[in-house]
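The values are calculated or read from the model by the stated rules, or taken from the named source; none is laboratory data. Just so it is clear, the structure is predicted and the values come from calculations on it, not from any experiment. Neighbour counts are summed over all protein chains in view; Cβ atoms, including those assigned to glycine, are modelled from backbone coordinates with ideal geometry. The protein model used for the area step is the full one, side chains on, heavy atoms only, and it has no ligands, DNA or RNA in it. Shrake-Rupley method; radii C 1.70, N 1.55, O 1.52, S 1.80 Å.
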Amino acid sequence: MDASPSPAAAPGPSGRQPAPVPVPGAHAPAFPPTPVPASRLRRLASPVASMAAVLAAFGYVGAVDPNQPGHYPVCPMFRLTGLYCPGCGGLRSAHAVAHGDIVAALGSNAPAVVGYGIFAVVWVVWMVRASRGLPLRIRLTPVHWWAIGAVLLTFTIVRNLPFGSVLAP
């Protein structure tokens, strides 16, 4: 047996190894593997499960009144500082929405009601896209996150000032 490299394995003029020569009769696996399309039921499972969890949470908050003391813990920020955080009144807001009282919900926590609306719109878009086999793509840039943070910070400051008491839960 000759120990010298075969001419097929010798580097080419560019210094790189040539591509391997396929062996006749050998079958290479398909690369990349062909994805199997998911059934419509499987595609809709995540948005339906998410909505079921949201409805269960709203059902619980609708049944157990947060306006009655002792059912839910007190907000830690309110307990320690006496100031309302951006989430204070969120459970009362969810309770009011569960009972169809949007005005009371807005009075308890207006940003939460806006969030419920945004969730509803995103969920509908998610369902439509999932039924068509398309992924849900939501791209929020850092500017969006800063704007959301600024709105919530402004809401928190204003609701704790004397003239913003209408925003307090």
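Annotations
- Residue, nearest to the chain's Cα centre (by Cα), within the range 87-106, restricted to residues that are surrounded by fewer than 21 Cβ atoms within 10 Å (Cβ to Cβ) and of a type in the set (Gly, Ala, Ser): Gly87
Residues checked against (1) among the aliphatic types (A, V, I, L, M); (2) in contact with a Phe, Trp or Tyr (Cβ under 9 Å, 6 or more places away or on another chain); (3) at pLDDT below 90; (4) under 26 Å from Leu136 (Cβ atoms):
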| site | (1), (2), (3), (4) |
| --- | --- |
| Pro35 | no, no, yes, yes |
| Ser39 | no, no, yes, yes |
| Arg42 | no, no, yes, yes |
| Val48 | yes, no, no, yes |
| Tyr60 | no, no, no, no |
| Ser93 | no, yes, no, yes |
| Asp101 | no, no, no, no |
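- Candidates Leu134, Leu161 - the one that is under 28 Å from Pro47 (Cα atoms) and among the hydrophobic types (A, V, I, L, M, F, W, C): Leu134
- Looking across Pro73, Pro66, Pro162, one residue alone is at pLDDT below 95 and either of a type in the set (Phe, Trp, Tyr) or in contact with a Phe, Trp or Tyr (Cβ under 9 Å, 6 or more places away or on another chain) (or both). It is Pro66.
- Selection within the range 139-169 - over 19 Å from Ser93 (Cβ atoms) and part of a loop (DSSP other than H, G, I, E, B): Arg139, Leu140, Thr141, Leu161
- Which listed residue is among the hydrophobic types (A, V, I, L, M, F, W, C), open to solvent by 90 Å² or more (accessible area, probe 1.4 Å) and more than 18 Å from Thr81 (Cα to Cα), from Val121, Val128: Val121
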